[in-house]
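Beneath this line is the structure, given in structure tokens, with notes to follow.
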Amino acid sequence: MSAAQHITRVSPLEEEYGVFFDTTIEAAGQAAPLMQDMNRAHQIISGLSVVLRMVAGNAALHDEYDPGVQGSTPPLSKVAEGALVAMAASMCEQMRDQLEQRAMRCNAAQSEVQS
């Protein structure tokens, strides 16, 4: 990797990945944008599942945490839990909005074809 590539490389949290390969998307023609949307949905759903498991597991940490025991894992605060849930809701809303926009474009294109 060159220095220029290293400087412009994004963090793993910002990298885009998906279940459809770039070559598959390129070969899909008009369906390519839908495949890109599905890749994005896959990313969001993967992240949401982690967030929801963290929030669900935090209840067990609350029950088991003993500040007097060295190595006892402290739970997330209620504020942190709330922030995670709000982030998850925001991601769901973003995905919903993107899919609605894609649907409007597809429906408009289909209406033009039928006219």
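Computed from the coordinates by the stated procedures, all read-outs in this text should not be read as laboratory data. Quantities reported herein were computed from a predicted structural model and do not represent experimental measurements. Quick reminder, even Gly has a Cβ in these numbers, built from the backbone with ideal geometry, and neighbours come from all protein chains shown.
Tell me the label-point distance for the pair residue 31, residue 89, using the 7 Å Cα-to-Cβ offset, in nm and rounded to one decimal.
My value for the distance between the label points is 3.6 nm.
What ratio of Cα Rg to 2.2 N^0.38 Å holds for the chain?
On the way: Rg = 20.7 Å, N = 115, 2.2 N^0.38 = 13.4 Å.
Against the empirical 2.2 N^0.38 Å value, I get 1.55 for the chain.
How do 40, 105 line up, fewest other C-beta atoms within 10 Å first? Before the final figure, lay out the partial values.
Details: 40 16, 105 11.
With the sparsest Cβ surroundings first, the list reads 105, 40.
By how many degrees, between 0 and 90 and to the nearest 10, does the Cα long axis of helix 32-64 differ from the longest principal axis of the chain?
10
Return one number: the angle in degrees, 0 to 90 and rounded to the nearest 10, between the long axis of the Cα atoms of helix 78-114 and the longest principal axis of the Cα atoms of the chain.
The two axes meet at around 10 degrees.
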